[in-house]
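Everything below concerns the one structure shown next.
The values are calculated or read from the model by the stated rules, or taken from the named source; none is laboratory data. Note that the structure is a prediction, hence the values are computed from the model and not measured. All Cβ positions, glycine included, derive from the backbone under ideal geometry; neighbour counts span all protein chains shown. Areas reflect the complete protein model, heavy atoms only, side chains present, ligands, DNA and RNA absent. Shrake-Rupley method; radii C 1.70, N 1.55, O 1.52, S 1.80 Å.
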Amino acid sequence: MSDLPYAPSRIRALPSWLLGRAAARGHRLVADALAAEGMRMMHHAVLSAVAELGPVSQAELGRTLGIDPKDMVAIVNDLQKDELVTRTPDPNDRRKNAIGISAAGRRRLRRTQRLGDEANAELTAALTPEERAQLIDLLTRIAAPRE
């Protein structure tokens, strides 16, 4: 634990503190990996969502990802400038824009997904495959507890 900032021993043993430290390390690893492709994490999340959801209205995309509408406009503008997404009138409501992924966007997404996978492999390198699967299961239960 020498890479961790100092904290009293009682705090270092708390799941919340350890999760925060692990999340910060994971964020750093993924952000650095995506930067190699000129991609920021939020832009990657939006591009991934567009690929998964298909053509989707900009407003719906923002609501789904929990991104402020003004921030979503800027992100989509950046992705469109890089020719990674298309913005066309929504066929169901021509007042809205439908955001789709371009061929270049699919190619970039494949590369950034690979880089993200590599960063996550580095994050969990100390674990066996079974431990990694167990960690994912446990974190999922913590992040989204059943109500």
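Observations on the model:
- Heavy-atom accessible surface of the chain: percent carbon and sulfur, 1.4 Å: 54
- When each full DSSP H helix of the chain is screened for a Cα extent of at least 20 Å along its own axis and an average Kyte-Doolittle hydropathy of at least -1.0, the helices passing are 15-35, 129-143.
- For the chain, diffusion coefficient by Stokes-Einstein and Kirkwood Rh (Cα), 20 °C, 1.002 mPa s, µm²/s: 123
- Size of charge dipole - segment 88-134 - debye, nearest 20, with Cβ of Lys, Arg +1 and Asp, Glu -1, no other charges: 540
- Note on the chain: dipole from Cβ charges, positive end direction compared against Leu19, Leu61, Ala125; the farthest Cα belongs to Leu61.
- Relative contact order [Cα under 8 Å, 6+ residues apart], the chain, whole percent: 25
- Taken per residue, the accessible surface of the chain reaches 68 Å², heavy atoms only and a 1.4 Å probe.
- Taking amide hydrogens as placed 1.01 Å from N in the peptide plane, the amide H of Thr86 sits under 5 Å from those of Gly100, Ile101, Ser102, each at least 5 positions away in sequence or on another chain.
- For segment 71-147, radius of gyration divided by Kirkwood radius, i.e. Rg to Rh on alpha-carbons: 1.17
- Where a label projected 7 Å from the Cα of Leu139 along Cα→Cβ would reach, residues of segment 10-37 with amide N under 13 Å: 18-31
- Charge dipole (Cα centre; +1 on Lys/Arg Cβ, -1 on Asp/Glu Cβ; no other charges) of segment 1-103 amounts to roughly 420 debye.
- The magnitude of the dipole of segment 28-70, with charges of +1 and -1 set on the Cβ of Lys/Arg and Asp/Glu and taken from the Cα centre, is near 120 debye.
- Cα centroid separation - segment 1-67 against segment 113-132, whole Å: 14
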